[in-house]
Amino acid sequence: MSEREERQETASGGLLLEAAGVGRVFGSGNAAVTALKDIRLGVQQGTITALKGRSGSGKTTLLNILSSLDEPNEGRVFFRGRDITGLTAKARDALRRKEIGLVFQSFGLIPLMSAYENVEFGLRIAGTPTSGNRGAAERALERVGMRERMKHRPSELSGGEQQRVAIARAIAHEPELLIADEPTAELDTKMGLQVMRVFRDLVTRTGMTIVMTTHDPGLMELVDHVIELEDGRIVAQTTREHSLV
Ligand SMILES: Nc1ncnc2c1ncn2[C@@H]1O[C@H](COP(=O)(O)OP(=O)(O)OP(=O)(O)O)[C@@H](O)[C@H]1O
Ligand SMILES: [Mg+2]
């Protein structure tokens with residue numbers, strides 16, 4: 001059984017991610033800000049979850065904790081059943097490099113590099129062995145529909161195309177989990193929809209799990225699970241039976 005088939009096999013059941021009573025306070029004393037309080041959630045493997053909520057409600061803070069970029073002050077986070085709270089910085093780095101891909105609002109591509117070079121460079125700085133990188137980079141670009149334009153530099157691509165290259169860079173090492181903070185915020189509706197189509201395709205074909213944030217009510221219709229935050233707490237959760245993309 002190939003790795004992908006195995007992944008799909010487990011995709012039907014099981015939580016990929018779980019947060020149990022997660023809290024995060026920044027600063028201390030009078031300046032302390034409670035960004036998250038008693039967050040309890042489970043993310044099913046092979047689904048798209050969107051976090052929504054007003055600016056400052058804690059979405060980015062929660063994504064950073066779920067992707068092990070940051071640690072909670074309270075509670076625990078489980079990734080495939082394994083407690084990832086309290087790991088050393090080195091162990092968290094290793095976890096991210098192997099299992100997690102990150103996408104940001106502003107794409108973060110290197111201007112002087114072509115689309116292909118950006119993806120390949122991402123693999124190299126993540127420390128994956130160089131042999132096979134070419135194939136992995138091209139496969140990732142193919143997945144997001146950008147293989148034909150892989151020789152173009154970011155300035156020669158539309159915003160939506162740049163974001164698709166950034167997604168290719170994030171998935172080139174075939175992570176289990178893709179975390180995307182406002183991936184469509186700088187895109188118009190049409191390009192935002194393209195990005196959502198790429199996400200759905202990744203989930204359907206590879207069993208990847210995606211957790212994202214968005215302010216766009218239209219995109220909320222296209223995900224499997226919506227979690228609403230208010231002042232660092234979960235105030236509503238909805239699950240859709242059938243996704244629309
Ligand atoms: N490093 C930090 N130091 C101090 N306070 C922080 C830090 N990061 C976030 N906060 C505070 O935590 C709260 C939640 O911030 P967060 O960035 O998670 O919100 P958000 O929902 O992502 O907002 P936006 O929609 O504007 O991106 C805010 O009050 C913010 O000011
Ligand atoms: Mg944010």
Q: Taking H placed 1.01 Å from N in the peptide plane, check which residues at least 5 places from residue 52 or on another chain put their amide H under 5 Å from its amide H.
A: 227, 228, 229
Q: Could you give the size of the charge dipole of the chain about its Cα centre, using +1 on the Cβ of each K and R and -1 on the Cβ of each D and E, expressed in debye and rounded to the nearest 20?
A: 400 debye
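With n ≥ 4 as the cut-off for DSSP H runs, can you work out [θ] at 222 nm for the chain, using -39500 (n - 2.57) per run divided by the number of residues, rounded to the nearest 500? Each step should come with its number before you reach the end.
Details: 8 runs with 85 residues, N = 245.
Calculated mean residue ellipticity at 222 nm is -10500 deg cm²/dmol.
Based on DSSP, what percent of beta bridges with both residues in region 3-239 are antiparallel, to the nearest 5?
Details: 21 of 38 bridges.
So the antiparallel bridges in region 3-239 amount to around 55 percent.
So, R0 is 25 Å and r is the distance between the beta-carbons of residue 93 and residue 73; what FRET efficiency does that work out to, to 0.05? Don't skip to the end; give the middle numbers.
Working: r = 21 Å, r/R0 = 0.83.
About 0.75, to the nearest 0.05.
Ratio to report: Rg/Rh of the chain, with Cα atoms as the point set and Rh obtained by the Kirkwood method; give two decimals.
0.96
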Q: Please compute the Cα-Cα pair-distance distribution of region 177-245 with 5 Å bins starting at 0, giving whole percents from short to long.
A: 3, 15, 26, 28, 18, 8, 1, 0
Q: Using only alpha carbon pairs under 8 Å that are at least six residues apart, calculate the relative contact order of region 157-245 and give it in whole percent.
A: 25 percent
Q: May I ask you to sort 203, 165, 226, 119 by Cβ crowding, counting other Cβ atoms within 10 Å and putting the fewest first?
A: 226, 203, 165, 119
Q.
Just to be sure I understand: with springs between alpha-carbon atoms less than 10 Å apart, which residue in 22, 198, 235 has the highest mean-square fluctuation in the Gaussian network model of the chain?
A. 235
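Counting Lys and Arg as +1 and Asp and Glu as -1, what is the net charge of the other residues whose Cβ lies under 13 Å from the Cβ of residue 18?
Working: positive: 40, 76, 80, 82; negative: 83.
So the surrounding residues net to +3.
Just need the relative contact order of the chain here, percent rounded to a whole number, with Cα pairs under 8 Å and 6+ apart. Don't skip to the end; give the middle numbers.
Values: 476 pairs, mean separation 64.7, N = 245.
Value for the chain: 26 percent.
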Q) So for 216, 83, fewest C-beta neighbours within 10 Å to most, what's the order? A) 83, 216
Q: Give the cross-link partners of residue 190 among the aspartates and glutamates, using a straight C-alpha distance below 12 Å as the criterion and excluding same-chain residues fewer than 8 apart.
A: 161
(Q) Order these by the 10 Å Cβ neighbour count, fewest first: 39, 110. (A) 110, 39
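Report Rg(Cα)/(2.2 N^0.38 Å) for region 111-170, keeping two decimals.
On the way: Rg = 10.4 Å, N = 60, 2.2 N^0.38 = 10.4 Å.
Region 111-170 yields a ratio of 1.00.
Only the coordinates and a few stated rules stand behind these numbers; no lab work does. Since this is a predicted model, take the numbers as computed values, not measurements. We place every Cβ from the backbone using ideal geometry, glycine too, and count neighbours over all the protein chains shown.
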